[in-house]
Each structure stands twice: as C-alpha cells, then as structure tokens.
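Data first, discussion second: the structure below is written as structure tokens.
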Amino acid sequence: MNNQPNIFMALDSSFEESSIVLFGAPYDGTVSYRPGTRFAPQSIRQESFGIETYSPYQEKDLEDLKVFDYGDLELPMGNREKALDIIYKTTKEITDNNKIPFMIGGEHLVTLPAFKAVLEKYNDLVLIQFDAHADLRNDYLGEELSHACVMQRCYQIMKSKELYQFGIRSMTKEEHNFANKHTVLEKFSANTVLEAKEKIKDKPVYITIDLDVLDPSIFSGTGTPEPGGLTYKELQKAILDMRGLNIVGLDVNELSPDYDHSKVSTITACKVIRELLMIV
C-alpha cells in the first residue's frame, strides 16, 4: 500500500472497526483500446472532495458509515500474473477478516482475482455486471486473461452459474449466443434489476460496474466508449433497486480520467461509489 495523504471523501475509519474496506487496483495491462485506467483510483480520491458525503437519494451520510480506505495497491505493470495475485491476496485478507471488499479499478480484468477470493468464502456467489460490453470472449488475440474475457473467466469458476448482465450493447455473435444460453442478459438497459433481486433472494452477491455502461455523452472518460448507454439517473435507479441484496463484494472500474479533462467522468465515478457504499 502506498503512503497516500488523501482518502476517498470522509472514509477515515480504521481497518479494525470498519465493515467495508475500499482499495484501489491501478492496473491496465490488458486494455484493448485506450489505456489510462491505472490513474483512476487516485483521481477518484482527489476529486471526491468536491462531492457531498450526504446522499439525498438515500438520506444517508458517508460520515456515519464505517469504511476503511486501504489506499492503492502497488502493482507491477509488466507482470500481469503477479498483479492479479496481489489483488487476490489483498481481497482474501479482507474477506478473511469478515469485511466486505470494495475495489476501484483499473481495467475490468482486476475483477477476476477479487471475485475469486470472495467466491472462496461464498460458494454460491452470484455475479451482477453493469457494462457496455459482454466481456464473455474466450480469448482476445489469443489471450485468455484480458478485460475482454473477464466475465467468461468468472463464469467458469462460479459454482452457482448465476451471472446477471445489464446495459450490454457491444459483443461478438459468439458472446451473444453464449449469453442467451448461460446468463441473464438485459441488453441496452437496466430495467429488470428488481426482478433479478427477487430471484437472487438472500444469496451472496458480487457487484461489478464497468463505468462504460454509462453513455459517453455523460461519461467520456473511458478507454472503450460505446454510444447508446445508460444515463446517470438510470444507473442510480438500478443501484437503489439493489438495496436489500446480500452484497459481499463489489468493484467499480474502467474510468480513464485523462480522456475527460473536465473531470465530470471522475466526479460521476465518485458519486457511483458513494451510492454503492450506502446500499451495502
């Protein structure tokens, strides 16, 4: 962990007293288009101080929650396997202490080691994905460990085989065929979250939000922008619809802050994280 002077918003609780542990995974070694997600965790912390800790959507305040900001992991950019192993071991340390890991990516591949660690604690773990891309390729240019394949890798190690995908609007024909057979896929929107919650009931849930699920007209700061995405209000409603789920792990990823010099994308990411912290 780096010795960093800044934390996310008001998260100044200690590790011991916290029920949620936030940490950054600044890795973008398999990005297939525009790199830069490695800068997201620090950018998010810096911009978070422009956001109120109080949520009028939920009538809650972050200052009333017990959340520890672990800081950013030191990940070797040229060694993918070692970087993923560090993420896995950090997540396992958090779950072994009966706390909920909340990871800020980084590219979407970072979800795999975190999900694997949580899955080892909860065998019947369910996965909920918000994303523009299905990420169900078996390989990308011959590589099976890629952000384009991360949901396929997660699905393969899942015991429950319950993968809910929302907002998807970009995929190959093979991915589409796979999703139709094996996942619960809602293309283009996220209007059936409540129906999914009724099916999931009290099973443990891992939530992963790839921020390119948002339309690039409001979220341009991402490496793989895809027109036709959700509005912020639509994503906010989906987040609120997940209240009451047994959430045991989650992440937000794929912000590339330098592609939006206005920092609106980064501020939007901050707000998404704030609202997610409050539903856990």
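Worth a mention:
- All of (1) among the charged types (D, E, K, R); (2) assigned to a loop (DSSP other than H, G, I, E, B); (3) touching a Leu at 6+ places or on another chain (Cβ under 8 Å) hold for ARG274 with one exception: (2).
- Any hit, region 139-146, residues being open to solvent by less than 30 Å² (accessible area, probe 1.4 Å) and modelled with pLDDT under 95: yes
- Residue count for region 240-280 satisfying the condition of being over 28 Å from TYR33 (Cα atoms), aliphatic (A, V, I, L, M) and within 14 Å of the chain's Cα centre (by Cα): 4.
- Long-range neighbours under 7 Å by Cβ, at least six apart or interchain, first residue within 18 Å of GLU63 (Cβ to Cβ) and in contact (Cβ under 8 Å) with a residue 40 or more places away in the chain within region 9-28, second among the aromatic types (Phe, Trp, Tyr) and open to solvent by less than 30 Å² (accessible area, probe 1.4 Å): ILE20/PHE102; VAL21/PHE102; LEU22/PHE8; LEU22/PHE102
- Failed condition for ASP69, given (1) part of a helix (DSSP H, G or I); (2) touching a Leu at 6+ places or on another chain (Cβ under 6 Å): (1)
- Of the residues making up region 25-45, just one is among the charged types (D, E, K, R) and loosely packed, with under 15 Cβ neighbours inside 10 Å, namely ARG34.
- Qualifying residue in region 93-112 (condition: under 24 Å from VAL213 (Cβ atoms), touching a Lys or Arg at 6+ places or on another chain (Cβ under 8 Å) and assigned to a strand (DSSP E or B)): no
- Each residue in region 201-253 was checked for being among the hydroxyl-bearing types (Ser, Thr, Tyr) and either surrounded by fewer than 23 Cβ atoms within 10 Å (Cβ to Cβ) or out of contact with any strand residue (DSSP E or B) (no Cβ under 9 Å at 6 or more places or on another chain) (or both), and 5 of them qualify.
- Test for SER48: is it of a type in the set (S, T, N, Q), closer than 21 Å to VAL264 by Cβ and open to solvent by less than 20 Å² (accessible area, probe 1.4 Å): yes
- Note on region 60-89: residues that are under 21 Å from MET158 (Cβ atoms), open to solvent by 10 Å² or more (accessible area, probe 1.4 Å) and within 17 Å of the chain's Cα centre (by Cα) total 2.
The values are calculated or read from the model by the stated rules, or taken from the named source; none is laboratory data. Treat the numbers as computed from the prediction; the structure is a model and nothing was measured. Note that each Cβ is placed from the backbone with ideal geometry, even for glycine, and that neighbours are counted across all protein chains shown. Side chains included, ligands, DNA and RNA excluded: accessible areas come from the protein's heavy atoms. Shrake-Rupley method; radii C 1.70, N 1.55, O 1.52, S 1.80 Å.
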